[in-house]
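This structure is in structure tokens; I'll ask about it shortly.
Every number in this text was worked out from the coordinates using simple rules, so none of it is lab data. Keep in mind it's a predicted model, so treat the numbers as computed, not measured. So basically every Cβ, Gly included, is an ideal-geometry build from the backbone, and we count neighbours across all protein chains shown.
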Amino acid sequence: MVENVGTVEPKISEFSIKGTLLGDFSAMANRFSTLQMFSIKINPDSLVLLTVESRDIQKNPFLFFIITFNAGSIEVKYSIALDTSEKMRRIYVVKNLLSVLSLVADLYSPDPVSLYQYVDSSIDELMGSLSQSYSALFNNYDSLFNEYRELKRLNIELASSNKNLTAQATELSAQNNELTERLKQLETYSDESLMVMIEEWIDSHNNTIDLAEFAKTYRITIPRVEQMLNKMVSMSYIELKG
């Protein structure tokens, strides 16, 4: 069995500011029709803007604010969640009120003194509630943000440098492969060249040849030297003596 659970009601706050209607409510409603966040209602003697930010489990408005334009005043009513800052919520509502007023500056004029005093008191109340630790938090944030921007700049520079080094490494690798291939070609002797080299070696070493030393000198494998020697013997270029 499920018992009825009571809903948590938000706190309600309100304020009013003197104002003067310069145009008509219908013209104001046309201006506000571009604001999708508001529901608009025109009464004979007022214009009401309503925005619902969230609802409770019964679908009733929970977080909301209502701005009512009368011929001689602006009335603002808004809700505050129990786990949020009343001062921050007040500033949020004031910010939206100023945005709304900017759209109908030629149709409705708030009393400057009333408006400025309310905005000033709202900001002053919020600033006065900031603790020293909160201010220090902002200072630390600014410091960390500056460090972040510097690290981001260095990262961009390092990425560019790494890109250049990668290109240079690729170029050097290609050059190394080319030189290796050229060296391999230079170290690969034809049969004719190798036989001449063997003959010259034998002539300059008292008609003898040390296979290991010859192979090491010319960077040739010993089996390759032996192959040439056998070929030269078979062709009667040289003869083996016991």
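Considering the zone a paramagnetic label at residue 41 would reach in this model (a point 7 Å from Cα along the Cα-to-Cβ line), which residues of the stretch 50-74 have amide N under 19 Å from it?
Those under the cut-off are 50-56, 59-74.
Hey, what number do you get for the chain at 222 nm if only DSSP H runs of n ≥ 4 count, each worth -39500 (n - 2.57), divided across all residues, to the nearest 500?
The per-residue figure over the chain is -19000 deg cm²/dmol.
Let me ask something additional. What FRET efficiency would be calculated for the residue pair residue 9, residue 99, taking the C-beta separation as r and a Förster radius of 25 Å, to the nearest 0.05?
With R0 = 25 Å, the Cβ-Cβ based efficiency is 0.35.
Taking R0 as 22 Å, what FRET efficiency do you get between residue 176 and residue 219 from their Cβ-Cβ distance, rounded to the nearest 0.05?
Efficiency, from the Cβ-Cβ distance: 0.75.
Calculate, for residue 57 and residue 160, the FRET efficiency according to 1/(1 + (r/R0)^6) with r their C-beta to C-beta distance and R0 45 Å; round to the nearest 0.05.
0.25
If you don't mind, another one. About the Cα centre of the chain, what is the dipole size in debye to 20, counting +1 per Lys and Arg Cβ and -1 per Asp and Glu Cβ, all else neutral?
920 debye
Now for a separate question. Which value in Å does the Kirkwood hydrodynamic radius of the stretch 187-234 take, with 1/r averaged over all unlike C-alpha pairs and then inverted?
It is 10.6 Å.
State the volume of the convex hull built on the alpha-carbon positions of the stretch 11-129, expressed per residue in Å³ and rounded to an integer.
Convex hull volume per residue, Cα atoms: 99 Å³.
If I take every Cα pair under 8 Å that is 6 or more residues apart in the chain, average their sequence separation and divide by the length, what percent do I get for the relative contact order?
15 percent.
While we're here: Placing +1 at every Lys and Arg Cβ and -1 at every Asp and Glu Cβ, with all other atoms neutral, what dipole size does the stretch 11-129 have around its Cα centre, in debye to the nearest 20?
With only Lys, Arg, Asp and Glu charged at Cβ, the dipole is about 320 debye.
With volume of the Cα convex hull per residue in Å³ defined as stated, name the option among (i) 135; (ii) 239; (iii) 410 computed from the structure displayed.
(iii)
Lysine pairs in the chain 8 or more apart or on different chains: how many have alpha carbons under 23 angstrom apart?
19
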